[in-house]
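Below: one structure, written as C-alpha coordinates.
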Amino acid sequence: AAPYIYAAWALTAIAGLALLFRFAIKSWIRWALPRVSSPDRLWGLEDLFYALAYSFDISHIVFVQRSYNSGLGRHLWVLTDVELNATLKNEFISQPLAVLASMLSRTGMMCFLYSCFNGADKRIRISIIMCMCIQVIINMVTVVQIIVQCGPHPYHAANRVHYFHYMWDDLPADGSVVCESPSVQTMVGFVQGGFNSGIDLFLTALSAVQLWRYTMRATDHGPSHSDTFCSRFRKIPRGSRNRRLWQTCALSGPLLLSGIASIIKTWLLQAIGERNDITHNIVPFVLWVKIENYSILLATCAPIIRLLVSNMSNHESGAKSYPGYGNRSDGHDQGLELDLVPHVQDKGTM
(Lines give C-alpha, C1' and ligand atoms only; values in the text may rest on other atoms or scores of the structure.)
Protein backbone atom coordinates (compact mmCIF):
# COMPACT_ATOMS: atom_id res chain seq x y z
CA ALA A 1 0.00 0.00 0.00
CA ALA A 2 2.95 2.34 0.47
CA PRO A 3 3.15 3.53 -3.18
CA TYR A 4 -0.58 4.34 -3.17
CA ILE A 5 -0.33 6.33 0.06
CA TYR A 6 2.77 8.20 -1.11
CA ALA A 7 1.02 9.03 -4.39
CA ALA A 8 -2.04 10.27 -2.50
CA TRP A 9 0.13 12.53 -0.34
CA ALA A 10 1.96 13.81 -3.42
CA LEU A 11 -1.35 14.71 -5.06
CA THR A 12 -2.44 16.40 -1.83
CA ALA A 13 0.71 18.52 -1.75
CA ILE A 14 0.46 19.46 -5.43
CA ALA A 15 -3.22 20.40 -5.09
CA GLY A 16 -2.39 22.49 -2.02
CA LEU A 17 0.32 24.35 -3.92
CA ALA A 18 -2.10 24.91 -6.80
CA LEU A 19 -4.70 26.44 -4.51
CA LEU A 20 -2.07 28.52 -2.72
CA PHE A 21 -0.85 29.76 -6.10
CA ARG A 22 -4.42 30.59 -7.12
CA PHE A 23 -5.19 32.59 -3.98
CA ALA A 24 -1.79 34.31 -3.92
CA ILE A 25 -2.04 35.49 -7.52
CA LYS A 26 -5.59 36.71 -7.04
CA SER A 27 -4.58 38.62 -3.92
CA TRP A 28 -1.59 40.12 -5.72
CA ILE A 29 -3.73 41.23 -8.65
CA ARG A 30 -6.29 42.78 -6.32
CA TRP A 31 -3.83 44.70 -4.14
CA ALA A 32 -0.76 45.28 -6.32
CA LEU A 33 -2.24 46.21 -9.69
CA PRO A 34 -4.20 49.37 -10.44
CA ARG A 35 -7.93 48.92 -10.09
CA VAL A 36 -8.45 49.80 -13.75
CA SER A 37 -6.22 46.87 -14.79
CA SER A 38 -7.82 44.25 -12.57
CA PRO A 39 -10.72 42.06 -13.67
CA ASP A 40 -14.32 42.93 -12.94
CA ARG A 41 -14.84 39.60 -11.23
CA LEU A 42 -11.77 38.32 -9.41
CA TRP A 43 -13.06 36.40 -6.39
CA GLY A 44 -16.04 34.12 -6.77
CA LEU A 45 -18.09 31.61 -4.85
CA GLU A 46 -16.04 28.84 -6.43
CA ASP A 47 -12.99 29.96 -4.44
CA LEU A 48 -14.85 29.26 -1.20
CA PHE A 49 -15.93 25.83 -2.42
CA TYR A 50 -12.39 24.98 -3.54
CA ALA A 51 -10.99 25.94 -0.12
CA LEU A 52 -13.64 23.91 1.72
CA ALA A 53 -13.10 20.93 -0.58
CA TYR A 54 -9.37 20.96 0.08
CA SER A 55 -9.91 21.17 3.84
CA PHE A 56 -12.04 18.01 3.68
CA ASP A 57 -9.43 16.38 1.45
CA ILE A 58 -6.73 17.12 4.02
CA SER A 59 -8.89 15.56 6.74
CA HIS A 60 -9.49 12.54 4.51
CA ILE A 61 -5.82 11.87 3.80
CA VAL A 62 -4.95 12.29 7.49
CA PHE A 63 -7.41 9.54 8.45
CA VAL A 64 -6.16 7.39 5.56
CA GLN A 65 -2.61 7.81 6.85
CA ARG A 66 -3.70 6.81 10.34
CA SER A 67 -5.43 3.78 8.87
CA TYR A 68 -2.26 2.92 6.94
CA ASN A 69 -0.19 3.19 10.10
CA SER A 70 -2.54 0.69 11.75
CA GLY A 71 -2.55 -1.83 8.93
CA LEU A 72 -4.26 -0.54 5.77
CA GLY A 73 -2.90 -2.42 2.78
CA ARG A 74 -2.15 -5.62 4.68
CA HIS A 75 -4.35 -8.67 4.55
CA LEU A 76 -7.04 -8.72 7.19
CA TRP A 77 -6.03 -12.08 8.63
CA VAL A 78 -2.51 -10.95 9.53
CA LEU A 79 -3.73 -8.02 11.66
CA THR A 80 -4.29 -8.22 15.38
CA ASP A 81 -7.69 -7.28 16.77
CA VAL A 82 -6.37 -3.89 17.89
CA GLU A 83 -4.79 -3.17 14.49
CA LEU A 84 -7.91 -4.26 12.63
CA ASN A 85 -10.15 -2.07 14.79
CA ALA A 86 -7.96 1.01 14.31
CA THR A 87 -7.58 0.38 10.57
CA LEU A 88 -11.32 0.05 9.96
CA LYS A 89 -12.16 2.95 12.27
CA ASN A 90 -9.99 5.46 10.44
CA GLU A 91 -10.95 4.14 7.02
CA PHE A 92 -14.71 4.36 7.64
CA ILE A 93 -14.39 7.83 9.19
CA SER A 94 -12.48 9.00 6.10
CA GLN A 95 -15.17 7.91 3.64
CA PRO A 96 -17.77 10.67 4.22
CA LEU A 97 -14.96 13.25 4.19
CA ALA A 98 -13.92 12.11 0.71
CA VAL A 99 -17.50 12.31 -0.57
CA LEU A 100 -17.92 15.84 0.81
CA ALA A 101 -14.61 16.93 -0.74
CA SER A 102 -15.68 15.59 -4.13
CA MET A 103 -19.07 17.28 -3.86
CA LEU A 104 -17.59 20.67 -2.95
CA SER A 105 -14.94 20.66 -5.69
CA ARG A 106 -17.58 19.81 -8.30
CA THR A 107 -19.86 22.51 -6.94
CA GLY A 108 -17.01 25.01 -7.24
CA MET A 109 -16.38 24.06 -10.85
CA MET A 110 -20.10 24.36 -11.65
CA CYS A 111 -20.19 27.83 -10.09
CA PHE A 112 -17.29 28.76 -12.35
CA LEU A 113 -19.05 27.33 -15.42
CA TYR A 114 -22.23 29.19 -14.52
CA SER A 115 -20.33 32.47 -14.27
CA CYS A 116 -18.63 31.78 -17.62
CA PHE A 117 -21.92 31.04 -19.38
CA ASN A 118 -24.11 33.42 -17.36
CA GLY A 119 -25.23 35.17 -20.51
CA ALA A 120 -25.87 31.97 -22.45
CA ASP A 121 -29.17 30.38 -23.33
CA LYS A 122 -31.42 29.94 -20.31
CA ARG A 123 -31.45 26.19 -20.83
CA ILE A 124 -27.67 26.08 -20.40
CA ARG A 125 -27.86 27.89 -17.08
CA ILE A 126 -30.70 25.68 -15.89
CA SER A 127 -28.74 22.56 -16.90
CA ILE A 128 -25.76 23.64 -14.80
CA ILE A 129 -27.97 24.44 -11.80
CA MET A 130 -29.78 21.09 -12.12
CA CYS A 131 -26.47 19.22 -12.27
CA MET A 132 -25.30 21.08 -9.19
CA CYS A 133 -28.46 20.25 -7.23
CA ILE A 134 -28.49 16.59 -8.30
CA GLN A 135 -24.88 15.96 -7.34
CA VAL A 136 -25.32 17.70 -3.98
CA ILE A 137 -28.40 15.59 -3.18
CA ILE A 138 -26.80 12.31 -4.32
CA ASN A 139 -23.57 12.92 -2.44
CA MET A 140 -25.30 14.05 0.75
CA VAL A 141 -27.50 10.94 0.67
CA THR A 142 -24.31 8.87 0.32
CA VAL A 143 -22.74 10.61 3.33
CA VAL A 144 -25.83 9.99 5.45
CA GLN A 145 -25.99 6.35 4.34
CA ILE A 146 -22.36 5.79 5.35
CA ILE A 147 -22.91 7.24 8.82
CA VAL A 148 -26.27 5.64 9.68
CA GLN A 149 -25.64 2.09 8.43
CA CYS A 150 -25.96 0.62 11.90
CA GLY A 151 -28.92 0.90 14.22
CA PRO A 152 -31.00 -0.76 16.93
CA HIS A 153 -32.73 -4.10 16.44
CA PRO A 154 -35.66 -4.36 16.51
CA TYR A 155 -35.98 -0.96 14.93
CA HIS A 156 -37.06 2.02 17.01
CA ALA A 157 -36.48 5.75 16.77
CA ALA A 158 -32.89 6.48 17.79
CA ASN A 159 -29.92 8.62 16.88
CA ARG A 160 -28.20 6.23 14.48
CA VAL A 161 -25.06 8.38 14.42
CA HIS A 162 -24.30 6.96 17.87
CA TYR A 163 -24.23 3.49 16.29
CA PHE A 164 -21.64 4.42 13.65
CA HIS A 165 -18.80 2.94 15.73
CA TYR A 166 -20.24 -0.53 15.16
CA MET A 167 -18.83 -0.32 11.64
CA TRP A 168 -15.48 -1.24 13.22
CA ASP A 169 -16.43 -2.42 16.72
CA ASP A 170 -17.91 -5.86 17.37
CA LEU A 171 -21.70 -6.05 17.36
CA PRO A 172 -23.40 -6.90 20.67
CA ALA A 173 -23.82 -10.62 21.18
CA ASP A 174 -27.51 -10.19 22.04
CA GLY A 175 -28.31 -8.95 18.53
CA SER A 176 -29.55 -5.56 19.73
CA VAL A 177 -27.61 -3.80 16.96
CA VAL A 178 -27.53 -4.63 13.26
CA CYS A 179 -25.69 -3.07 10.33
CA GLU A 180 -26.68 -3.00 6.70
CA SER A 181 -25.23 -5.56 4.35
CA PRO A 182 -22.01 -4.47 2.59
CA SER A 183 -23.89 -4.92 -0.68
CA VAL A 184 -26.15 -2.00 0.28
CA GLN A 185 -23.19 0.35 0.65
CA THR A 186 -21.78 -0.97 -2.62
CA MET A 187 -25.08 -0.32 -4.40
CA VAL A 188 -25.30 3.22 -3.02
CA GLY A 189 -21.72 3.80 -4.11
CA PHE A 190 -22.50 2.58 -7.62
CA VAL A 191 -25.46 4.97 -7.87
CA GLN A 192 -23.41 7.87 -6.51
CA GLY A 193 -20.48 7.12 -8.80
CA GLY A 194 -22.77 6.75 -11.79
CA PHE A 195 -24.40 10.13 -11.22
CA ASN A 196 -21.07 11.86 -10.58
CA SER A 197 -19.51 10.35 -13.70
CA GLY A 198 -22.53 11.21 -15.82
CA ILE A 199 -22.61 14.81 -14.58
CA ASP A 200 -18.87 15.24 -15.14
CA LEU A 201 -19.08 13.93 -18.71
CA PHE A 202 -22.20 15.99 -19.45
CA LEU A 203 -20.54 19.19 -18.23
CA THR A 204 -17.40 18.28 -20.19
CA ALA A 205 -19.39 18.14 -23.41
CA LEU A 206 -21.50 21.18 -22.49
CA SER A 207 -18.54 23.46 -21.82
CA ALA A 208 -16.67 22.35 -24.95
CA VAL A 209 -19.72 22.74 -27.19
CA GLN A 210 -20.52 26.18 -25.79
CA LEU A 211 -16.98 27.44 -26.29
CA TRP A 212 -16.75 26.28 -29.90
CA ARG A 213 -20.36 27.03 -30.79
CA TYR A 214 -19.85 30.77 -30.57
CA THR A 215 -16.39 30.61 -32.06
CA MET A 216 -17.74 28.82 -35.12
CA ARG A 217 -20.63 31.26 -35.35
CA ALA A 218 -18.16 34.17 -35.39
CA THR A 219 -16.46 32.70 -38.48
CA ASP A 220 -19.71 32.43 -40.46
CA HIS A 221 -20.04 35.18 -43.05
CA GLY A 222 -23.09 34.73 -45.19
CA PRO A 223 -24.69 31.36 -46.02
CA SER A 224 -21.81 29.16 -44.83
CA HIS A 225 -23.84 26.62 -42.87
CA SER A 226 -23.05 24.03 -45.52
CA ASP A 227 -19.35 24.23 -44.68
CA THR A 228 -17.86 21.26 -42.91
CA PHE A 229 -16.55 21.49 -39.37
CA CYS A 230 -12.97 21.23 -40.61
CA SER A 231 -13.37 24.09 -43.07
CA ARG A 232 -14.99 26.31 -40.45
CA PHE A 233 -12.26 25.33 -37.98
CA ARG A 234 -9.57 26.40 -40.46
CA LYS A 235 -11.25 29.78 -40.91
CA ILE A 236 -10.59 30.68 -37.29
CA PRO A 237 -7.45 32.84 -36.98
CA ARG A 238 -4.58 30.82 -35.60
CA GLY A 239 -4.11 32.91 -32.46
CA SER A 240 -7.79 32.75 -31.57
CA ARG A 241 -7.92 29.04 -32.35
CA ASN A 242 -5.00 28.33 -30.03
CA ARG A 243 -6.56 30.39 -27.24
CA ARG A 244 -9.86 28.58 -27.65
CA LEU A 245 -8.10 25.21 -27.50
CA TRP A 246 -6.41 26.31 -24.27
CA GLN A 247 -9.77 27.40 -22.85
CA THR A 248 -11.37 24.09 -23.84
CA CYS A 249 -8.62 22.12 -22.11
CA ALA A 250 -8.84 24.31 -19.00
CA LEU A 251 -12.63 24.04 -18.73
CA SER A 252 -13.44 20.58 -20.08
CA GLY A 253 -10.22 18.72 -19.30
CA PRO A 254 -10.58 18.62 -15.50
CA LEU A 255 -14.20 17.53 -15.75
CA LEU A 256 -13.27 14.76 -18.17
CA LEU A 257 -10.46 13.53 -15.91
CA SER A 258 -12.75 13.66 -12.89
CA GLY A 259 -15.40 11.68 -14.77
CA ILE A 260 -12.91 9.01 -15.83
CA ALA A 261 -11.55 8.74 -12.28
CA SER A 262 -15.10 8.45 -10.96
CA ILE A 263 -15.83 5.61 -13.38
CA ILE A 264 -12.72 3.71 -12.32
CA LYS A 265 -13.45 4.39 -8.65
CA THR A 266 -17.00 3.11 -9.09
CA TRP A 267 -15.70 -0.06 -10.74
CA LEU A 268 -13.39 -0.59 -7.74
CA LEU A 269 -16.27 -0.25 -5.29
CA GLN A 270 -16.57 -4.00 -5.14
CA ALA A 271 -13.58 -3.87 -2.79
CA ILE A 272 -15.76 -2.22 -0.16
CA GLY A 273 -18.27 -5.02 -0.37
CA GLU A 274 -15.60 -7.67 -0.02
CA ARG A 275 -15.20 -7.27 3.73
CA ASN A 276 -13.39 -10.57 3.93
CA ASP A 277 -10.25 -8.61 2.99
CA ILE A 278 -11.30 -4.97 2.90
CA THR A 279 -8.07 -3.69 4.45
CA HIS A 280 -6.14 -4.95 1.42
CA ASN A 281 -8.64 -4.51 -1.41
CA ILE A 282 -9.63 -0.91 -0.73
CA VAL A 283 -6.19 0.69 -1.22
CA PRO A 284 -6.44 1.33 -5.02
CA PHE A 285 -9.92 2.74 -4.44
CA VAL A 286 -8.46 5.34 -2.06
CA LEU A 287 -5.95 6.55 -4.67
CA TRP A 288 -8.63 6.99 -7.33
CA VAL A 289 -10.74 8.92 -4.85
CA LYS A 290 -7.86 11.39 -4.53
CA ILE A 291 -7.39 11.58 -8.30
CA GLU A 292 -11.10 12.32 -8.73
CA ASN A 293 -11.07 15.02 -6.07
CA TYR A 294 -7.84 16.70 -7.12
CA SER A 295 -8.32 16.75 -10.89
CA ILE A 296 -10.56 19.80 -10.55
CA LEU A 297 -8.53 21.47 -7.81
CA LEU A 298 -5.31 21.13 -9.81
CA ALA A 299 -7.00 22.67 -12.83
CA THR A 300 -7.59 25.91 -10.93
CA CYS A 301 -4.04 26.87 -11.89
CA ALA A 302 -4.79 27.00 -15.61
CA PRO A 303 -7.06 30.08 -15.69
CA ILE A 304 -4.92 31.80 -13.07
CA ILE A 305 -1.79 31.39 -15.19
CA ARG A 306 -3.74 32.90 -18.07
CA LEU A 307 -4.94 35.68 -15.80
CA LEU A 308 -1.41 36.43 -14.59
CA VAL A 309 0.10 36.48 -18.08
CA SER A 310 -2.70 38.70 -19.38
CA ASN A 311 -2.38 41.22 -16.57
CA MET A 312 1.41 41.28 -16.77
CA SER A 313 1.25 41.84 -20.53
CA ASN A 314 -1.25 44.65 -20.14
CA HIS A 315 0.68 46.21 -17.28
CA GLU A 316 3.90 46.25 -19.26
CA SER A 317 2.27 47.60 -22.41
CA GLY A 318 0.32 50.25 -20.51
CA ALA A 319 -3.02 48.89 -21.65
CA LYS A 320 -6.05 49.86 -19.64
CA SER A 321 -8.43 47.04 -20.49
CA TYR A 322 -8.53 43.57 -18.98
CA PRO A 323 -8.39 40.68 -21.44
CA GLY A 324 -10.07 38.11 -19.21
CA TYR A 325 -10.12 34.40 -19.77
CA GLY A 326 -9.89 34.78 -23.50
CA ASN A 327 -7.84 37.82 -24.46
CA ARG A 328 -9.37 40.63 -26.41
CA SER A 329 -7.78 40.95 -29.80
CA ASP A 330 -7.66 43.75 -32.29
CA GLY A 331 -9.28 43.69 -35.67
CA HIS A 332 -11.16 40.68 -37.00
CA ASP A 333 -10.31 38.45 -34.05
CA GLN A 334 -12.55 40.31 -31.61
CA GLY A 335 -15.69 38.29 -32.19
CA LEU A 336 -13.88 35.07 -31.32
CA GLU A 337 -12.92 35.75 -27.71
CA LEU A 338 -14.69 34.40 -24.67
CA ASP A 339 -15.31 37.77 -23.06
CA LEU A 340 -16.86 39.27 -26.19
CA VAL A 341 -19.30 36.57 -27.21
CA PRO A 342 -22.91 36.81 -25.97
CA HIS A 343 -22.70 33.95 -23.47
CA VAL A 344 -20.33 35.63 -21.01
CA GLN A 345 -21.44 38.41 -18.77
CA ASP A 346 -18.35 39.17 -16.69
CA LYS A 347 -15.39 40.13 -18.78
CA GLY A 348 -12.98 39.05 -16.06
CA THR A 349 -14.34 35.71 -14.97
CA MET A 350 -11.63 33.65 -13.29
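A few notes on this one:
- Test: residue in region 88-103 that is over 17 Å from the mean Cα position of the chain (by Cα), farther than 29 Å from Ile134 by Cα and part of a loop (DSSP other than H, G, I, E, B): no
- Only one of the numbered conditions (1) closer than 22 Å to Glu292 by Cβ; (2) part of a strand (DSSP E or B); (3) not acidic (Asp, Glu) is violated by Ile134, and that is (2).
- Flag if Ser258 is within 15 Å of the chain's Cα centre (by Cα) and under 30 Å from Ser181 (Cα atoms): yes
- Condition check for Tyr50: surrounded by 19 or more Cβ atoms within 10 Å (Cβ to Cβ), under 15 Å from the mean Cα position of the chain (by Cα) and at negative phi: yes
- Of the residues screened, Val148 is one that is surrounded by 12 or more Cβ atoms within 10 Å (Cβ to Cβ), among the hydrophobic types (A, V, I, L, M, F, W, C) and modelled with pLDDT of 90 or more.
- Matching residues, region 202-215, being modelled with pLDDT of 70 or more and out of contact with any Ser or Thr (no Cβ under 6 Å at 6 or more places or on another chain): Phe202, Leu203, Ala205, Leu206, Val209, Gln210, Trp212, Arg213
- Region 163-192 - residue that is part of a helix (DSSP H, G or I) and β-branched (Val, Ile, Thr) and, of those, farthest from Asn85 (Cα to Cα): Val191
- Being more than 23 Å from Asp170 (Cα to Cα), over 21 Å from the mean Cα position of the chain (by Cα), aliphatic (A, V, I, L, M) and surrounded by fewer than 16 Cβ atoms within 10 Å (Cβ to Cβ) is not true of Ala7.
Conditions tested, residue by residue: (1) β-branched (Val, Ile, Thr); (2) out of contact with any helix residue (DSSP H, G or I) (no Cβ under 7 Å at 6 or more places or on another chain); (3) in contact (Cβ under 8 Å) with a residue 60 or more places away in the chain.
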| position | (1), (2), (3) |
| --- | --- |
| Leu45 | no, no, yes |
| Ile61 | yes, no, yes |
| Val64 | yes, no, yes |
| Ser70 | no, no, no |
| Leu79 | no, no, yes |
| Thr87 | yes, no, yes |
| Asn90 | no, no, no |
| Leu97 | no, no, no |
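The values are calculated or read from the model by the stated rules, or taken from the named source; none is laboratory data. These figures come from a predicted structure and were not determined experimentally. When we count neighbours, we look across all protein chains shown, and the Cβ atoms used for this are built from the backbone with ideal geometry, even at glycine.
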